[in-house]
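Here the structure is laid out as structure tokens; the discussion comes afterwards.
The values are calculated or read from the model by the stated rules, or taken from the named source; none is laboratory data. All of these numbers come straight from a predicted model, not from anything done at the bench. A quick note on method: Cβ atoms are made from the backbone with ideal geometry, for glycine too, and the neighbour counts reach across all protein chains shown. Accessible surface is based on the protein model in full, side chains and every heavy atom, while ligands, DNA and RNA are left aside. Shrake-Rupley method; radii C 1.70, N 1.55, O 1.52, S 1.80 Å.
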Amino acid sequence: MYTDFGYMEEGKLGKPYDLKLMARLGKFLKPYWGLMTLSLLFVLIMAGLDLLIPYLTKEAIDRYIVVAAREVVLREDGSPEEHRFWSQYGQKLIPKKEKGKFLLPPDVMQSMDRKEMALFQKFGFLTENRYYLFVPQKPEEESILKKYPSFFEGSDSHWFISLHRMKELKREDLLVLRGKDVAGVFHIALLVVLILVINFGLNFSQVYAMELAGQKMMHDLRMKAFSHLQELPVSFFDKNPVGRLVTRLTNDIQNVHEMFTSVLINLLKDILLLIGIIILLLQLNRDLALVSFSVLPLIFVTTLFFSRRAREAFREIRLKIAQMNSFFHENFSGIKVVQLFRREKENSRRFEKVNDGYYLANMKQISIYAFFVPLVDILSSGAIGLLLWYGGGKVIQEMITLGVLVAFLSYIRMFFQPIRDLSEKYNILQSAMASLERIFSLLDEDKKIFKPPSPKKEEMKGNIEFHHVSFSYNGEDKVLKDVSFSVREGETVAIVGATGAGKTSLLHLLERFYEVEEGAILIDGMDIREWDITQLRSQIGLVMQETFLFAGDIEENIRLENRKIDGEKVKEVAQVANAEKFIQRLPHGYRTNVGEGGETLSAGEKQLLAFARALSINPKVLILDEATSHVDPEKERLIQEGLARLLKGRTAIVIAHRLSTIQHADKIVVLHKGRVREIGTHAELMVEKGIYFRLYQLQFGIKEDRGQRLEG
Ligand code: UTP
Ligand code: MG
């Protein structure tokens with residue numbers, strides 16, 4: 001039952017990406033490429049800095065927090081392994097008091113090949129005894145040595161203390177002993193804070209630059225679409241209801257913006273991060289990296305599975321919103337009819353159905369995400385568990401340092417975050433592509449109003465000639481057939497005919513809302529298509545059958561942004577249109593606000609305003625389409641008297657169902673089913689005893705009933 005106001009298309013999803021569309025969007029971005037590049041640069045730096053933090057953590061742990069020299073015992077039995085060990089590391093070993101015992105400094109150990117180390121461990125060169133190396137420099141450091149003489153071994157350059165003895169030191173002494181480590185950790189912490197501060201600044205600038213570019217681009221796009229739409233012929237709007245166009249200019253452009261800001265750049269950042277993490281992890285430790293990535297295939301399959309379902313749910317939600325919108329639109333734009341025919345209950349029942357549909361679609365999406373997000377979380381936790389188990393073992397075996405494990409854990413957590421958001425971004429991308437396609441197809445609508453190469457811009461005299469004009473709205477049913485008649489400068493011509501005879505259509509053609517299909521309309525001997533359209537319309541004043549008022553006050557509605565008209569002129573035309581009296585009665589006179597559509601005025605009052613509006617441009621040709629049909633007879637008479645004065649020297653075409661108002665016209669054209677059937681003055685047509693005569697008889701036979709309309 002709901003009419004499609006163009007919302008149904010919202011259910012469509014595009015391809016996740018379409019390079020052609022993106023390239024076209026790129027054109028709108030071109031003026032802002034500087035901002036974009038800046039934003040991109042910031043993103044790159046941020047990604048790099050993000051990656052730096054776990055690495056710094058690793059450095060803090062391995063360099064300053066967990067540092068120990070290991071005891072080396074050599075049997076000195078001349079075995080080839082021992083020989084190799086000695087030749088490689090002998091130089092760096094620090095001898096202990098006992099023969100054959102040495103210390104392997106932590107930095108040397110960290111640079112050792114892990115496989116080789118395992119081998120040496122197997123041969124028993126490395127014991128489990130650990131020491132802290134200490135090179136005192138400051139006097140208070142020296143005093144520690146004196147305070148605990150039995151704790152330390154070594155000589156001037158290298159002192160060392162076994163780790164379990166170190167635990168027996170007093171807290172403040174321990175801090176002096178490990179002063180360098182504490183300082184090192186502090187510096188790294190400072191660096192991390194600095195990075196966070198820089199990242200904050202970069203993030204702000206990046207979002208700002210990107211939003212600036214995005215908002216400006218959207219602004220341009222809306223502007224372009226708006227001006228493009230304004231130039232399209234009225235026939236385009238017959239086929240595209242306003243609701244649809246509103247969606248184009250708002251929702252669709254919003255979708256594109258969302259894609260632009262929340263997906264494109266972030267996606268780039270995520271991809272960079274993912275690649276960076278993969279490379280870093282492989283560099284840090286290949287085995288551990290492979291173990292961490294072992295859950296990836298599972299995640300990939302899950303994501304694929306869920307993104308398909310999520311896409312379906314997403315599509316359904318958009319469709320349901322569209323249905324809801326169109327239901328709202330229909331229900332409330334026709335609220336009078338709804339209330340008059342007591343359709344409230346029925347409509348509520350229908351709405352409940354639509355509303356339920358929307359609710360269910362939302363719940364469906366929620367349950368999909370409620371399952372998917374924790375599932376990815378579980379998988380990522382699984383990866384972390386696996387890492388802890390495998391990596392922890394490696395740390396214990398001293399195959400990797402604690403710092404590496406900690407860094408791994410941070411990186412893996414960073415790794416899964418973007419994967420979690422992936423399916424959501426995928427959806428945004430798809431709907432944005434569909435929106436982009438709709439926006440561009442709107443911009444591609446090129447059936448513009450014909451513009452002649454050298455348009456005629458002269459002052460109009462007001463000779464109008466319809467020359468064998470035929471026309472149809474839909475290309476099939478002709479509503480005007482071979483219409484020919486002429487209006488000479490200064491003449492008043494009336495057009496009469498039954499409802500639907502084609503009277504208004506004639507005016508549509510004259511104002512070029514639609515183009516003549518066959519024949520031509522000439523003004524001052526020149527085809528109207530050769531006239532400059534602005535010139536044409538500004539010299540043909542039109543009071544339409546239905547009056548539309550814009551949101552604004554009375555004066556604004558009369559002058560319609562026309563700067564040439566001052567307040568005096570507005571009052572003058574209002575007077576001629578007999579609108580003065582009712583305007584003065586309004587609370588703020590000419591400054592009274594009327595809502596969009598002029599809902600606060602009566603139909604007759606609106607007509608009077610439209611009258612004044614048409615007169616205000618001082619047109620050479622005035623067209624009145626049932627211009628006084630809603631006005632009371634007293635005012636109508638006054639208007640006519642005013643008009644008689646006003647119309648001197650102007651050409652007028654008057655359409656009226658009340659034949660009494662047109663009796664004095666210079667010429668009366670009788671239109672019947674799209675054809676001209678009679679032309680002549682009132683007296684001539686009465687003598688002819690044709691259609692006009694019958695209409696006249698009919699109207700004046702049922703005297704005084706002015707509401708009576710004539711039916712054909
Ligand atoms: P008109 O609107 O020209 O009729 O429509 P009219 O003579 O002015 O009628 P009244 O007196 O104001 O009521 C002529 C024909 O064109 C069709 C209508 O269905 C009518 O049959 N038409 C009108 C369209 O197809 N599309 C339109 O946008 C307007
Ligand atoms: Mg009409």
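Worth a mention:
- Residue pairs meeting the criteria (Cβ under 6 Å; at least 6 apart or on separate chains; first in contact (Cβ under 8 Å) with a residue 12 or more places away in the chain, in the range 86-103; second hydroxyl-bearing (Ser, Thr, Tyr)): Leu103/Tyr131
- Check on Arg529, away from ligand 1 (no atom under 15 Å from the Cβ), assigned to a loop (DSSP other than H, G, I, E, B) and open to solvent by 20 Å² or more (accessible area, probe 1.4 Å): no
- Within the range 151-179, the residues that satisfy the criterion of being part of a loop (DSSP other than H, G, I, E, B) and open to solvent by less than 90 Å² (accessible area, probe 1.4 Å) are Phe151, Phe152, Ser155, Ser157, His158, Leu169, Arg178.
- Candidate set: the range 534-574, residues that are part of a helix (DSSP H, G or I) and without any contact (Cβ under 8 Å) to a residue 24 or more places away in the chain; chosen: the one nearest to Lys451 (Cα to Cα): Thr534
- Residue within the range 503-525 that is open to solvent by 60 Å² or more (accessible area, probe 1.4 Å) and within 14 Å of ligand 2 (Cβ to nearest atom) present: no
- The range 615-658: number of residues that are within 16 Å of ligand 2 (Cβ to nearest atom) and not β-branched (Val, Ile, Thr): 9
- For the range 369-383, taking the residues that are touching a Ser or Thr at 6+ places or on another chain (Cβ under 9 Å) and not small (Gly, Ala, Ser), the one that is surrounded by the most Cβ atoms within 10 Å (Cβ to Cβ) is identified as Val376.
- Counting only helices (runs of 4 or more DSSP H) wholly contained in the range 294-413, the ones carrying 2 or more residues that are under 30 Å from Gln121 (Cβ atoms) occupy 344-396.
- Number of the exception - Asp566 against (1) of a type outside the set (Phe, Trp, Tyr); (2) more than 16 Å from ligand 2 (Cβ to nearest atom); (3) in contact with a Gly (Cβ under 7 Å, 6 or more places away or on another chain): (3)
- Considering residues of the range 409-465 that are open to solvent by 50 Å² or more (accessible area, probe 1.4 Å) and in contact with a Pro (Cβ under 7 Å, 6 or more places away or on another chain) only, the residue nearest to Ser538 (Cα to Cα): Lys447
- Residues in the range 470-498 that are within 12 Å of ligand 2 (Cβ to nearest atom) and farther than 23 Å from Leu622 by Cβ were compared, and the one that is most open to solvent (accessible area, probe 1.4 Å) is Val479.
- Residue match in the range 227-235 (condition: outside any loop (DSSP other than H, G, I, E, B), among the hydrophobic types (A, V, I, L, M, F, W, C) and farther than 25 Å from Glu71 by Cβ): yes
- The set of residues in the range 25-39 that are closer than 19 Å to Val197 by Cα and open to solvent by 40 Å² or more (accessible area, probe 1.4 Å) contains only Leu38.
- Where helices (runs of 4 or more DSSP H) fall wholly inside the range 1-115, the ranges with 2 or more residues that are modelled with pLDDT of 90 or more are 33-59.
- Any hit, the range 580-597, residues being more than 25 Å from Leu510 (Cα to Cα), part of a helix (DSSP H, G or I) and within 16 Å of ligand 2 (Cβ to nearest atom): no
- Strands (runs of 3 or more DSSP E) enclosed by the range 600-712 - at least 3 residues per element that are open to solvent by 20 Å² or more (accessible area, probe 1.4 Å) and more than 20 Å from Lys569 (Cβ to Cβ): 675-680
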